[in-house]
Amino acid sequence: MKQLLCATFEGIDAKTVEVQFTATKGLPAFTIVGMANAAINESKERVKSALLGNDFTFPPKRLTVNLAPSDLRKEGSHFDLAIASLIALGNAESALEGWYVFGELGLDGSVTENTLLYPIVLSLANQGVIERAIVPSVSLPKLSKIPGIAFYGVSTLTDALSLLGAQELPDAQSRVSDFDCERMEHEEEHYYYHEHYPLDFGDIKGQEHAKRAALIAAAGMHNLLLEGSPGSGKSMIAKRLRHILPPLHNAEMLDCAKLDILEGKEPSFSPLRPFRSPHHSSTGASIFGGGTHKAQIGEVGLAHNGILFFDELPHFSKTVLEALREPLEDRHIRISRVNAKVTYDADFLFVAAMNPCPCGNLFSTTVPCRCSDTEISRYRARLSDPFLDRIDLYVQMHPISSDDKPGVTSGALHAKVRQAFMRQKQRGQKSLNGSLSDEEVTRHCALDPEAQQVIDQAVSRFNLSFRAVTRMLKVARTIADIEGDEHIQKTHLLEALSYRRRS
């Protein structure tokens with residue numbers, strides 16, 4: 001029995017699959033076993049045509065291909081090349097141990113890529129189980145950005161067989177050393193960003209208080225809720241926030257590219273973080289993920305390392321809003337089905353926008369509000385206190401005025417974000433302030449007696465929960481980083497407290 005290695009997806013992670021092959025005496029037949037889907041079963045015809053069209057003899061024996069483990073569902077056309085290689089090699093001497101082989105075969109023996117190839121290889125690399133792989137040559141520009149793997153590109157089945165039978169291997173495809181964008185460096189780690197702002201905060205007139213909150217939210221990845229009349233600039237701020245977010249580490253860049261592919265887009269390997277904005281009529285399954293036989297990733301998972309924006313927040317269903325509490329707190333989402341239980345990373349910046357009342361004119365100084373007190377109370381009651389407790393920054397947007405002038409630009413805000421980001425890294429933080437654990441909050445958010453007194457007074461006066469106090473400390477830590485202060489001061493705490501939502 002001979003075998004090569006391949007892989008398939010189980011949820012969002014790849015699992016190694018052993019492609020085993022035997023040729024035994026009996027009536028000629030070709031069978032693939034091991035819970036293979038239709039795409040893999042159809043590979044029998046592609047493999048036959050590719051072999052016969054390239055002067056290989058199809059053995060007149062009983063051929064059996066087993067995909068192990070047999071209790072794992074397999075899918076994808078990238079098993080073609082491994083199956084054909086094992087049949088073509090037959091009894092020939094070759095060292096197959098440790099080879100991962102990926103590729104879809106054309107009828108003429110050409111090797112093409114599969115859309116799932118990049119996320120599969122990236123997942124295997126993150127698990128540390130893959131060292132060398134034969135892949136389609138057309139996939140090398142994307143795959144070569146993944147570190148720690150020796151890639152050998154092939155264009156035809158004959159090229160793959162030459163590699164597997166070679167006594168001495170040629171040079172592997174070297175990893176692309178860097179991404180084509182600006183970067184920062186700390187302790188030999190690179191962090192990438194851009195200085196292109198197609199949507200600029202300078203386009204927004206006035207609303208300096210909201211821009212300040214947006215700066216704090218971006219610098220520490222703190223959840224932000226904007227409340228104001230229609231046209232006050234809530235959505236404009238949310239869409240521009242994406243362009244001033246902190247730099248991305250190499251691993252985060254690769255993860256963002258993986259999410260692009262899972263969504264069906266070509267990865268750009270850009271330092272621009274994801275921005276997901278589902279409509280309020282979206283179902284829970286589309287937002288959180290789901291499926292009968294296979295748990296598909298939803299908007300929450302696709303927003304990982306980026307922004308999840310909910311416009312018209314109170315119009316989302318109560319079920320969706322309450323289910324959102326888990327990823328906002330734990331930074332991941334669990335999808336449980338009868339046939340699948342999957343956990344997705346969901347570390348995102350949550351941004352929401354809402355009107356102050358159903359008609360939207362409660363804050364207006366020119367247009368009277370048409371809503372009754374009962375309607376306003378019912379509208380606000382859509383958001384529960386446990387959900388609002390997970391919002392770090394709450395901002396009331398001022399009505400627009402003819403005196404409003406353009407203010408700070410995205411370039412200036414982004415420079416402050418990068419400076420705050422570097423201060424967090426210099427403290428030895430692996431995550432940004434908004435994602436600090438309780439132990440890290442104790443270590444990095446120490447207070448002097450005067451600042452502690454502010455906390456004690458706030459707890460007694462505003463009845464703050466332990467979660468609210470912890471989140472306020474994280475915001476104060478980010479404000480101190482923006483101001484360039486090593487320690488949290490009283491002024492930083494007072495500003496952080498000013499962003500807490502009052503009941």
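Read-outs: derived from the displayed coordinates by stated rules, not from any lab. As the structure is a prediction and not an experimental result, all values here were calculated from the model. Positions of Cβ are generated from backbone atoms using ideal geometry, with glycine treated the same way; all protein chains shown enter the neighbour counts.
Which one of Gln453, Gly484, Leu464 has its Cα pushed farthest toward the positive end of the charge dipole of the stretch 436-503, where Lys and Arg give +1 and Asp and Glu give -1 at the Cβ?
Value computed over the given set: Leu464.
Suppose a student asked you for the relative contact order of the chain, using Cα pairs under 8 Å spaced at least 6 residues apart; what percent would you report? If you can, show how the numbers build up before the last one.
Numbers: 960 pairs, mean separation 63.8, N = 503.
The normalised contact order for the chain reaches 13 percent.
Give me Phe79, Phe102, Phe309, Phe363 ranked fewest to most by other Cβ atoms within 10 Å of their Cβ, as a rough exposure proxy. Kindly include the intermediate steps, with their values, before the conclusion.
Working: Phe79 30, Phe102 27, Phe309 24, Phe363 18.
So the ranking, lowest neighbour count to highest, is Phe363, Phe309, Phe102, Phe79.
As a check on your grasp of the helix formula, calculate [θ] at 222 nm for the chain: sum -39500 (n - 2.57) over DSSP H runs of n ≥ 4, divide by the residue count, round to the nearest 500. Don't skip to the end; give the middle numbers.
Values: 20 runs with 180 residues, N = 503.
Roughly -10000 deg cm²/dmol at 222 nm, from the helical runs in the chain.
Mind giving me the FRET efficiency for Val459 and His487? R0 is 30 Å, r the Cβ-Cβ distance, nearest 0.05 is fine.
0.90
Have a look at Pro368, Val65, Asn126 and report the one farthest towards the positive end of the charge dipole of the chain, computed about the Cα centre with Cβ charges (Lys/Arg +1, Asp/Glu -1).
Value: Pro368.
Based only on other Cβ atoms within 10 Å, what is the fewest-to-most ordering of Met422, Met35?
Working: Met422 17, Met35 14.
Neighbour counts put them in this order, fewest first: Met35, Met422.
When the Cα centres of the stretch 167-226 and the stretch 240-257 are compared, how far apart do they sit, in Å?
When both Cα centres are located, 5 Å separates them.
From the gyration tensor of the Cα coordinates in the stretch 116-273, what semi-axes in whole Å does the equivalent ellipsoid have, largest first, with each one equal to sqrt(5λ)?
Working: eigenvalues 358, 47, 31 Å².
Result for the stretch 116-273: semi-axes of 42, 15, 12 Å.
In terms of the Cα gyration tensor, with a ≥ b ≥ c the square roots of its eigenvalues, is the stretch 185-430 rounded because a/c is under 1.5, prolate because a/b exceeds b/c, or oblate?
On the way: a/c = 2.05, a/b = 1.14, b/c = 1.80.
Because a/c hits 1.5 or more and a/b fails to exceed b/c, the stretch 185-430 counts as oblate.
Once the Cα atoms of helix 117-127 and of the chain are each reduced to a long axis, what angle between those two axes, in degrees from 0 to 90 to the nearest 10, is obtained?
Between helix and principal axis, roughly 80 degrees.
Check each of the trypsin sites (Lys or Arg not before Pro) in the stretch 203-270 and keep only those in coil by DSSP with at most 12 other C-beta atoms within 10 angstrom; list them in order. Working shown, then result.
Details: sites: Lys205, Lys211, Arg212, Lys234, Lys239, Arg240, Arg242, Lys258, Lys265; in loops: Lys265.
Filter output for the stretch 203-270: Lys265.
Note down the relative contact order for the stretch 241-349 as a percent, whole number, built from C-alpha pairs under 8 angstrom at least six residues apart. Write down the numbers at each step before the final one.
Details: 173 pairs, mean separation 27.7, N = 109.
Computed over the stretch 241-349, the figure is 25 percent.
Add +1 for every Lys or Arg and -1 for every Asp or Glu among the other residues with Cβ under 9 Å from the Cβ of His492, and state the total.
Working: positive: Arg477, Lys490; negative: Glu483, Asp485, Glu495.
Around His492, the charge tally is -1.
Can you pull a Stokes-Einstein diffusion coefficient for the stretch 436-503 at 37 °C (0.692 mPa s), Rh from Kirkwood over Cα pairs, as a whole number of µm²/s?
Values: Rh = 11.9 Å.
Stokes-Einstein gives a translational diffusion coefficient of 276 µm²/s.
Using alpha carbon centroids, what distance separates the stretch 317-346 and the stretch 377-411, in Å?
Each part's Cα centre sits 26 Å from the other's.
Using only the alpha-carbon atoms of the stretch 379-503, report the extent along each of the three principal axes, biggest first, to the nearest angstrom.
Principal-axis extents of the stretch 379-503 (Cα, largest first): 45, 37, 26 Å.
With charges set only on the Cβ (+1 for Lys and Arg, -1 for Asp and Glu), what does the dipole of the stretch 185-430 come to about its Cα centre, in debye to the nearest 20? Show your work: numbers first, answer last.
Working: 30 positive and 30 negative charges, 54 e Å.
Using Cβ point charges on Lys, Arg, Asp and Glu, the stretch 185-430 gives about 260 debye.
Measure nothing fancy, just the Cα-based angle from helix 250-262's long axis to the longest principal axis of the chain, in degrees from 0 to 90, nearest 10.
For 250-262 against the chain, the angle is about 70 degrees.
Under the √(5λ) rule applied to the eigenvalues of the Cα gyration tensor, what semi-axes describe the equivalent ellipsoid of the stretch 1-126? Give them in Å, descending. Don't jump to the answer; show the numbers that get you there.
Details: eigenvalues 106, 48, 38 Å².
Value: 23, 15, 14 Å, ordered largest first.
Please report Arg461, Arg370, Arg471 as a ranked list, fewest other C-beta atoms within 10 angstrom at the top and most at the bottom. All intermediate terms of the calculation are to be shown ahead of the outcome.
Working: Arg461 9, Arg370 12, Arg471 25.
Exposure proxy ranking, most exposed first: Arg461, Arg370, Arg471.
Can you give the convex hull volume per residue for the Cα atoms of the stretch 233-272, as a whole number of Å³? Show your work: numbers first, answer last.
On the way: hull volume 2.9 nm³, N = 40.
Hull volume normalised by residue count: 74 Å³.
Would you mind classifying the stretch 324-421 by shape? Square roots of the alpha carbon gyration tensor eigenvalues, ordered a ≥ b ≥ c; an a/c under 1.5 is rounded, otherwise it is prolate if a/b is larger than b/c and oblate if not.
Working: a/c = 3.39, a/b = 1.27, b/c = 2.67.
It is oblate, given that a/c is not under 1.5 and a/b is not larger than b/c.
Which three lengths, in whole Å and largest first, does the stretch 59-197 cover when its Cα atoms are put on their principal axes?
So the extents along the principal axes, rounded to whole Å, are 62, 36, 28.
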